[in-house]
Structure formats: C-alpha cells, structure tokens
Amino acid sequence: MAVTYGWFSSWDDFVMVSPSSFRHMSWNSSSYGLGIETGTTDDAGLQAVLGAVWEAAGVEGCFSDGGREPEEQEPVACTVAALAEFGRLHGRARMPAGQWMACSCTVVRGGGGTDWLNFDIPLSALDLAGVAYWDGRPFFRSAVMDDWLAAIGIASFKQARFSLGVIGWEVSGMADAVTVAGEMPQKRGMGYLVPRDGNLHYGAAND
C-alpha cells in the first residue's frame, strides 16, 4: 500500500515544500490562530482591527486565492470589502524564529451582536515547519504559537481596541466578552486576551 503525506506521495516531496506555499495548504481544515471579538458590527471597527492585525503580524502581501502562489496572482486590498468578496484573505507571516508561514484572515459577522476576526495558521503549515502542537492530549497546543499570537494581539490592541481575544486550536467564538466580563478566567483551556481598565491582559492556557 502506498503511503501518502497530506497532498504528497512521498516523505521527500513533503519535506521539500515550504510552509509558506499557498497551494499546499489545507485552508479549510484545522488551523491554529487568534480569534478577536471586535465589540462592534460596523465596517469601520472591523477594518481597524483587520489592518492592525495584518500590520502587527508583519504579513507580506494580501491575496484572494489560496490555491495559487502569491507570485502567480495580483494582490488585493486588505479591506473588509475584500473579505466580503473573497471570504478569506491570504498572506505570509514570519515567525519569531525567522520562518515564513502561510496565514489567512476570515470573519464571522454579527454573531452574538459582534464581529469575530480570525487570524489563522493552517495546521498543514505547522506540520511543514516542524512546529509541535500535539502531546497526546485530546486537543492541540503550542506554546510557541501561543506566545507569538498573543504578541500580535497585544500589538493590535494598541492600534485598534477590541473586546476579547482567544488563542489556540479552533477557538474563535469559544468565549465571549460578556461572559468573561473583564475578568481573566482562572482555568484556561486556551489563551485569553482580556481588556480591563484600558489595558490588555494575557493569560496563557493552563488547563
């Protein structure tokens, strides 16, 4: 029986692919990311957070088609209108260790009376980059990714205030600002970015 590695027919094919390659990403599968409850449903508020996140993450480019490499398509504007038109915006972000990773943004509008902006790294990119995120527990967790995404959220908050941030594997919408009410949860199955008295506080996952 032939062994396959994701999209690849051999291990050699797998290890030669860059984690920044668009066409080899499983964009619609699992991802690790930062989910931000914007606290508003207006375009201006969402645009402010989108622009702040893209800048804080140092994303290179902004593209509509995740099935083609950036070099094979024209860039699009990093705007709410582009998100609405294409459903997902794609780019490349540089990890603190220097490795470039494919990344994307999506949005859920008006859920619970507020928008959620999601900045995600596909698990397929983490696999290709060799970033460990599973230790046998029934969920995924990466301290490296958590710290990096928290730094992005903290930098973004300085440019565009938001109501809540959550960090981890498929965590967008798994908490809300009304329930958190400005108090950092003591037991955290995911990372939290909680605004309080004009400052943003980070609580790493601990449960």
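The values are calculated or read from the model by the stated rules, or taken from the named source; none is laboratory data. What you see is a predicted model; the values in this text were computed from it and never measured. Cβ: placed from backbone, ideal geometry, glycine included. Neighbour counts: every protein chain shown. Only protein heavy atoms, including side chains, enter the accessible area calculation; ligands, DNA and RNA are left aside. Shrake-Rupley method; radii C 1.70, N 1.55, O 1.52, S 1.80 Å.
Overview of values
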quantity: Descending semi-axes in whole angstrom, ellipsoid equivalent of the stretch 73-128, from the Cα gyration tensor; calculated: 23, 15, 9
quantity: Residue (of Ser124, Ala155, Val144) at the positive-pole extreme of the stretch 121-183, dipole from beta-carbon charges; calculated: Ala155
quantity: Taking all pairs of distinct alpha-carbon atoms in the stretch 16-120, Kirkwood radius in angstrom; calculated: 14.0
quantity: Across the chain: Cys residues that no other cysteine approaches within a C-beta distance under 4.7 Å; calculated: Cys103, Cys105
quantity: Farthest positive-ward along the chain dipole, Cα basis, beta-carbon charges - from Ala57, Trp134, Pro195; calculated: Pro195
quantity: Computed FRET value (nearest 0.05) for Ala181 with Lys158, which takes r as the C-beta separation and R₀ as 30 Å; calculated: 0.85
quantity: log₁₀ of I(q)/I(0) at q = 0.12, 0.13 Å⁻¹ - the stretch 119-203, Debye sum with one point per alpha carbon; calculated: -0.37, -0.43
quantity: For the stretch 152-176 versus the stretch 59-94, the gap between their alpha-carbon centres in whole angstrom; calculated: 21
quantity: With Cα atoms, 0 to 90° folded angle of helix 143-159 axis to the chain main axis; calculated: 50
quantity: Alpha-carbon spread of the chain, three principal axes, descending order, Å; calculated: 56, 41, 29
quantity: Percent carbon-and-sulfur accessible area, the stretch 17-173, ignoring ligands, DNA and RNA, probe 1.4 Å; calculated: 51
quantity: CD proxy at 222 nm, helix term only [per DSSP H run n ≥ 4: -39500 (n - 2.57); per residue of the chain; nearest 500]; calculated: -7500 deg cm²/dmol
quantity: Theoretical FRET efficiency, 1/(1+(r/R0)^6), r = Cβ-Cβ of Asp147 and Ser21, R0 25 Å, to 0.05; calculated: 0.50
quantity: Among 66-79, 122-135, the order from most to least packed when residues are scored by Cβ within 10 Å on average; calculated: 122-135, 66-79
quantity: Average accessible surface area per residue within the stretch 108-207, 1.4 Å rolling probe, Å²; calculated: 48
